[in-house]
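Here's the structure we're looking at; comments come further down.
The values are calculated or read from the model by the stated rules, or taken from the named source; none is laboratory data. From a predicted model like this one, the values you see are computed outputs, not experimental measurements. Positions of Cβ are backbone-derived with ideal geometry, glycine not excepted, and every protein chain shown enters the neighbour counts. Side chains are part of the model used for accessible areas, which takes the heavy atoms of the whole protein and leaves out ligands, DNA and RNA. Shrake-Rupley method; radii C 1.70, N 1.55, O 1.52, S 1.80 Å.
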Amino acid sequence: MSALPSPSKIVCIGRNYREHAAELGNAVPPLPIFFLKPSTALIGPGEAIELPPQSAEVHHEAEIALVIGRRARDVEEADAWDYIDALTILNDVTARDIQRAENRFTKAKGFDTFCPVSDARLPASQWAEDIGAGRIQCFVDAVRKQDGALSDMVFGPAFLLSYVSKHMTLLPGDLIATGTPAGVGRIDAGQTVEIRLVGADGGTRMSLSNPVVPRPLVERK
Ligand code: MG
């Protein structure tokens, strides 16, 4: 965890894969919708996702994330890759029952430990040649639950960076999580959830595993 940068914000895109929007009964938005996860939700590889007592239905969401390399404000799509330093993977952990009840994102997705992020970074220059035909996957106890082609994203990385940068300035180290494909589902204490980025040749480019535990009752320092 100490090796991870400390982003000023984690911007998360919602409903950016058609099949995932449909599985939750939502339409694909005409423009990106996004929300913020707090930096206090961040954990690193191997750290535990804590299930809070307020939720009975916590879900995994496997996502590609853009790591911002330069201050970005009002960036045009054609220039966007100049501002994306690298790609990584994260798990947009979500208390689905809270999200459904409130139709809001912050409480449901902002709990401590609800943003596991890999410490691996794939240089943005390799995106087109290696990962452009890649897939983002999620495994729960080694059973594949999500397997989405990155080409199925409704809004691509360059458009997303440009769009977000016209609403709020992005700072170095900030993350943009680009949405999750279909297959989201519940995770329970005792399970292990793994996110994988798979390249065009089927090989794993990076992997992020986190155990799932009940939220401890003692106060954490
Ligand atoms: Mg998400």
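Residue by residue, the range 159-176 carries 3J(HN,Hα) couplings of 5, 5, 4, 4, 4, 5, 5, 8, 10, 8, 5, 9, 10, x, x, 4, 10, 10 Hz when phi is fed to the Karplus relation 6.51 cos²θ - 1.76 cosθ + 1.60 (θ = phi - 60°); x denotes Gly or Pro. Relative contact order of the range 10-214, taken over Cα pairs closer than 8 Å and 6 or more residues apart, is 33 percent. Measuring r between the beta carbons of ALA101 and ALA133 and using R0 = 41 Å, the FRET efficiency lands at 0.60.
Could you tally the net charge around ILE136, taking each other residue with its Cβ under 9 Å from the Cβ of ILE136, Lys/Arg +1 and Asp/Glu -1?
Numbers: positive: ARG135, ARG196; negative: GLU63, ASP147.
Charge balance near ILE136 sits at 0.
Note on the chain: with charges restricted to the Cβ of Lys and Arg (+1) and Asp and Glu (-1), its dipole about the Cα centre is near 520 debye.
One equal scatterer on each Cα of the chain, no solvent, Debye formula: the resulting log10 I(q)/I(0) at q = 0.08, 0.13 Å⁻¹ is -0.25, -0.68. Average accessible surface for the chain: 45 Å² per residue, computed with a 1.4 Å probe over protein heavy atoms with every protein chain in place.
The range 143-165 and the range 49-79 have Cα centres spaced 11 Å apart.
May I ask for the net charge around GLY183, where only other residues with Cβ less than 11 Å from the Cβ of GLY183 are counted and Lys, Arg are +1 while Asp, Glu are -1? Mind showing how you got there, number by number?
Values: positive: ARG144, LYS145; negative: GLU19, GLU23, GLU61, ASP147.
Here the count lands on -2.
Taking max minus min of the alpha-carbon positions on each principal axis, the range 39-162 gives extents of 44, 34, 26 Å, largest first.
Any chance you could count the Lys pairs in the chain whose alpha carbons are under 14 Å apart, treating pairs 8 or more apart or on different chains as valid?
Numbers: LYS9/LYS37; LYS9/LYS109; LYS37/LYS107; LYS37/LYS109.
Lysine pairs, 8 or more places apart or on different chains, close enough: 4.
Mean separation of Cα pairs under 8 Å and 6 or more residues apart, divided by the residue count, gives the range 85-143 a relative contact order of 42 percent.
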